[in-house]
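Enquirer: This is the structure I want to talk about, given as structure tokens.
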Amino acid sequence: HGRRESIGPDDVHPNLIGGAWVEGTDVNTNVNPSDTSDVVGRYALADAVQAREAFAAARAAASGWAEASPLVRFEILDNAGSEIIRRKDELGDLLAREEGKTLPEAVGEVVRAAHILKFHAGQALRPAGQLLDSIRPGVEVAVTREPVGVVSIITPWNFPIAIPAWKIAPALAYGNTVVFKPAELVPGSAWELVHILHGAGLPDGVLNLVMGRGRDIGDILTSSADAVSFTGSVQTGERVLASAQGSRARVQLEMGGKNPLVVLDDADLGIAVECALQGAYGSTGQRCTASSRFVVTAGIHDLFVERLTERMLALQVGDARATGTQMGPVVDSSQLAQDERYVGIARDESGTVIGGRRLERPTDGFYLEPALVVGTRPEDTINRDEVFGPVASVVQVASYDEALAVANGTEFGLTAGIVTTSLAAATDFRRRSTAGMVMVNVPTAGVDFHVPFGGRQGSSYGPREQGEQAREFFTTV
Ligand code: ADP
């Protein structure tokens, strides 16, 4: 059944359909955003016929996997997690090379993916049913949780291994079969994850990989499954929702954010600057949980901007895999163009942009200086649209009440943070923020793998991901 041991640097990485590694109908050549002359790998693109074959295979495998012992599911996920940890440096290097995160960030993401697999391995062993006494004498009622069936998993490029892991692991742990389509920009990490899970002993057809383009096979992914779990842009998410609901599939969407970090006069300045720096420029700002608006009260505003600017301009921007690099490149040319467009809009609307220039490096990559836009108004474009790059803005406010109103004044609602030494302000913010996840004195972008993840308003749709709550989406009562 084609369990390949390894694949050469010039081979085309195949798709996995029904337990067989199969060639595609076209090839996706993946390049390194730090150095576009470096070809990371070649990946088979699946077409519509192959996508349908993947669903047929997942459908055929569904009842066998639903009846598999929880011990089997536990062992496969746990062993795959161990294998990922064993290979973390190699997989981290691949991730940094194809996506552009720095090496420490990339290795961190790989380890996180392994931990997610292990968490859900444990979840496979936790009984989730209930036995109720009936109102009828001598009768008991069993409430059981069963797999949903065949699940489509569609993922974006910014977390090439962690996001696939946090959807695939609970889907498999709770007995579903999967058709997985990673983003075209980062097939390499996804391929390794599938290869490792397959190698850990998944039965044929339980996990299928189709590395096709969204425009070619997206509609098949969203109209052929019992459940669709998607992370990506708002625009695509809306399309996914319409298509999946047309076939009555359950849907889970994680989309954008426009996450505020509130800094109050009584804040510890060091903590505020550190939260801002990590939240806005970590992973080159390419995180849906990134801090992109700093909402700062007047008494600390100037000092905060001064210290943050100093630290931001000192960040070493360079090749993701070079020693000493603190911020890698932007993922590709179209994302770079989008970031530069927003820098231009911010300059036109608000006047002062610090940083934000295109940077030359010895290699041909997508390097952008981190940017801070100061003196903005809440209604400016830079405070409304998600940029998805190393570009953040500052809004000065007069009071905590105004800060709360500005922070909540967004159509999104994924994360929000506050830096303060006032317990009253922190508690009030936690209660009245309209974001799904609220951080106090920690960056908006650090989210534990064993707790539920998700937003409110325009950021998310459907049940929460991750943690124990992932069971809601991936089982039916
Ligand atoms: P991002 O640019 O953050 O990756 P996108 O929303 O463009 O966000 O893409 C997220 C995922 O959705 C990718 O895997 C992409 O291929 C996929 N996709 C694109 N178009 C469609 C579609 N019409 N239906 C389903 N998935 C799609």
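Please treat every number below as a calculation from the coordinates, not as lab data. Model, not experiment: these values are computed from the prediction. Virtual Cβ from ideal backbone geometry, glycine too; neighbours counted across all protein chains shown.
Enquirer: List Ile7, Ile153, Ile76 from most exposed to least, where exposure is judged by having the fewest other Cβ atoms within 10 Å. Working shown, then result.
Expert: Numbers: Ile7 14, Ile153 28, Ile76 25.
Starting with the residue having the fewest Cβ neighbours, the order is Ile7, Ile76, Ile153.
Enquirer: What translational diffusion coefficient, to the nearest whole µm²/s, does segment 215-292 have by Stokes-Einstein, given a Kirkwood radius computed over alpha-carbon pairs, a temperature of 37 °C and 0.692 mPa s viscosity?
Expert: The Stokes-Einstein estimate is 222 µm²/s.
Enquirer: Which lysines, if any, have their Cα less than 27 Å from the Cα of Lys258, not counting same-chain residues under 8 positions apart?
Expert: Straight-line reach from Lys258, under 27 Å: Lys101, Lys167, Lys181.
Enquirer: Would you kindly derive the ³J(HN,Hα) couplings of segment 61-77 from the backbone phi angles with the Karplus curve 6.51 cos²θ - 1.76 cosθ + 1.60 (θ = phi - 60°), listing them in order in whole Hz, with x for Gly and Pro?
Expert: Karplus values, whole Hz, x for Gly and Pro: 8, 4, 5, x, 6, 4, 8, 4, 4, x, 5, 5, 5, 4, 5, 5, 5.
Enquirer: Restricting to bridges with both residues inside segment 78-237, how much of the DSSP beta-bridge set is antiparallel, in percent to the nearest 5?
Expert: 25 percent
Enquirer: What percent of all Cα-Cα pairs in segment 161-235 falls in each 10 Å bin, counting up from 0?
Expert: For segment 161-235, the pair-distance distribution reads 17, 57, 25, 1.
Enquirer: Working from Cα positions, state the angle (0 to 90°, nearest 10) between the long axis of helix 214-223 and the longest principal axis of the chain.
Expert: 60 degrees
Enquirer: Related question: In segment 1-158, with Lys and Arg counted as +1 and Asp and Glu as -1 at Cβ, which of these residues, Gln130, Ala113, Ser82, has the Cα nearest the positive end of the dipole, that is, farthest along it?
Expert: It is Gln130, whose Cα lies furthest towards the positive end.
Enquirer: Along each of the three principal axes of the Cα atoms of segment 89-144, give the extent in whole Å, ordering the values from largest to smallest.
Expert: 65, 16, 12
Enquirer: Please list 3J(HN,Hα) in residue order for segment 469-477, calculated via the Karplus relation 6.51 cos²θ - 1.76 cosθ + 1.60 where θ = phi - 60°; whole Hz, with x for glycine and proline.
Expert: With coefficients 6.51, -1.76 and 1.60, one gets 5, 4, 4, 4, 6, 8, 9, 10, 8 Hz.
Enquirer: Per q in 0.09, 0.11, 0.16, 0.20 1/Å, what log10 I(q)/I(0) does a Debye calculation on the alpha-carbon atoms of segment 192-345 return?
Expert: Values, matching the q order: -0.48, -0.68, -1.05, -1.25.
Enquirer: Within 14 Å, Cβ to Cβ, of Ala114, how many net charges do the neighbouring residues add up to if Lys/Arg are +1 and Asp/Glu are -1?
Expert: So the environment of Ala114 carries a net charge of -1.
Enquirer: Compare the Cα positions of Gly201, Val419, Pro390 along the charge dipole of the chain (+1 at Cβ of Lys, Arg; -1 at Cβ of Asp, Glu; about the Cα centre) and return the one farthest towards the positive end.
Expert: The residue sitting farthest along the positive end of the dipole is Gly201.
Enquirer: Once you have the Cα-Cα distance between Asp364 and Arg213, take 0.36 nm times their residue separation minus that, and quote the gain in nm to one decimal.
Expert: Full extension of this stretch gives 51.8 nm more.
Enquirer: When every alpha-carbon pair in segment 1-111 is counted, what percent end up more than 22 Å apart? Write out the running numbers ahead of the final one.
Expert: Values: 3138 of 6105 pairs.
So the pairs more than 22 Å apart make up 51 percent of the total in segment 1-111.
Enquirer: While we're on this one: Cα gyration tensor of segment 33-168, axes a ≥ b ≥ c as square roots of the eigenvalues: rounded (a/c below 1.5), prolate (a/b > b/c) or oblate?
Expert: It comes out prolate by the Cα gyration axes.
Enquirer: Along each of the three principal axes of the Cα atoms of segment 318-477, give the extent in whole Å, ordering the values from largest to smallest.
Expert: So the extents along the principal axes, rounded to whole Å, are 55, 42, 28.
Enquirer: Still on this structure, please answer the following. Determine the gain in length on full extension of the stretch Ala337-Arg384; use 0.36 nm per residue of separation and subtract their C-alpha separation, reporting nm with one decimal.
Expert: Here the answer is 15.1 nm.
Enquirer: Let me ask something additional. Give the distance, in whole Å, between the Cα centre of segment 266-285 and the Cα centre of segment 103-149.
Expert: One Cα centre to the other: 35 Å.
Enquirer: Where the centroid of each part is defined by its Cα atoms, how far is segment 344-373 from segment 387-412 in Å?
Expert: 21 Å
Enquirer: How many angstrom lie between the Cα centre of segment 157-178 and the Cα centre of segment 192-243?
Expert: Segment 157-178 and segment 192-243 have Cα centres separated by 10 Å.
Enquirer: Would you calculate a helix-derived [θ] at 222 nm for the chain, using -39,500 (n - 2.57) for each DSSP H run of n ≥ 4 and dividing by the full residue count, to the nearest 500? Could you put the intermediate results ahead of the total?
Expert: Numbers: 14 runs with 189 residues, N = 477.
Using -39500 (n - 2.57) per qualifying helix, the result is -12500 deg cm²/dmol.
Enquirer: Of Ser422, Ser433, Ser393, how do they rank once you tally other Cβ atoms within 10 Å and put the fewest first? Don't skip to the end; give the middle numbers.
Expert: On the way: Ser422 15, Ser433 22, Ser393 27.
Least to most surrounded, the residues fall as Ser422, Ser433, Ser393.
Enquirer: How much net charge surrounds Arg293 when only the other residues with a Cβ under 15 Å from the Cβ of Arg293 are counted, with Lys and Arg +1 and Asp and Glu -1?
Expert: Net local charge, Arg293 excluded: -3.
Enquirer: So what's the Cα pair-distance distribution over the chain, bin width 20 Å, in %?
Expert: Reading the bins upward from 0: 25, 54, 20, 1.
Enquirer: Okay, next question. Order by neighbour count: Val447, Val395, Val305, fewest other Cβ atoms within 10 Å first, most last.
Expert: So the residues, fewest neighbours to most, are Val447, Val305, Val395.
Enquirer: In segment 302-417, what % of DSSP beta bridges are antiparallel (nearest 5)?
Expert: On the way: 5 of 9 bridges.
Here the share of antiparallel DSSP bridges comes out near 55 percent.
Enquirer: Would you mind computing, in nm to one decimal, how far apart the modelled labels at Arg347 and Glu306 are, each placed 7 Å from Cα along Cα→Cβ?
Expert: So the label points at Arg347 and Glu306 sit 2.6 nm apart.
Enquirer: Give the span of segment 272-325's Cα atoms along each principal axis, as three whole-Å numbers ordered largest to smallest.
Expert: 40, 24, 11
Enquirer: Follow-up. Please give the charge dipole size of segment 1-68, origin at the Cα centre, charges +1 on K and R Cβ atoms and -1 on D and E Cβ atoms. Round to the nearest 20 debye.
Expert: Dipole of segment 1-68, to the nearest 20 debye: 300 debye.
Enquirer: Compute log10 of I(q)/I(0) for segment 298-341 with the Debye formula, placing one identical point scatterer on every Cα and leaving out solvent, at q = 0.21, 0.31 Å⁻¹, to two decimals.
Expert: The computed values of log10 I(q)/I(0) come out as -0.81, -0.96.
Enquirer: So, one more: Give me the percent of DSSP beta bridges within the chain that run antiparallel, rounded to the nearest 5. Mind showing how you got there, number by number?
Expert: On the way: 25 of 65 bridges.
DSSP beta bridges in the chain are roughly 40 percent antiparallel.
Enquirer: Give, to the nearest whole percent, the P(r) tail of segment 339-429 beyond 21 angstrom, counting all Cα pairs.
Expert: 41 percent
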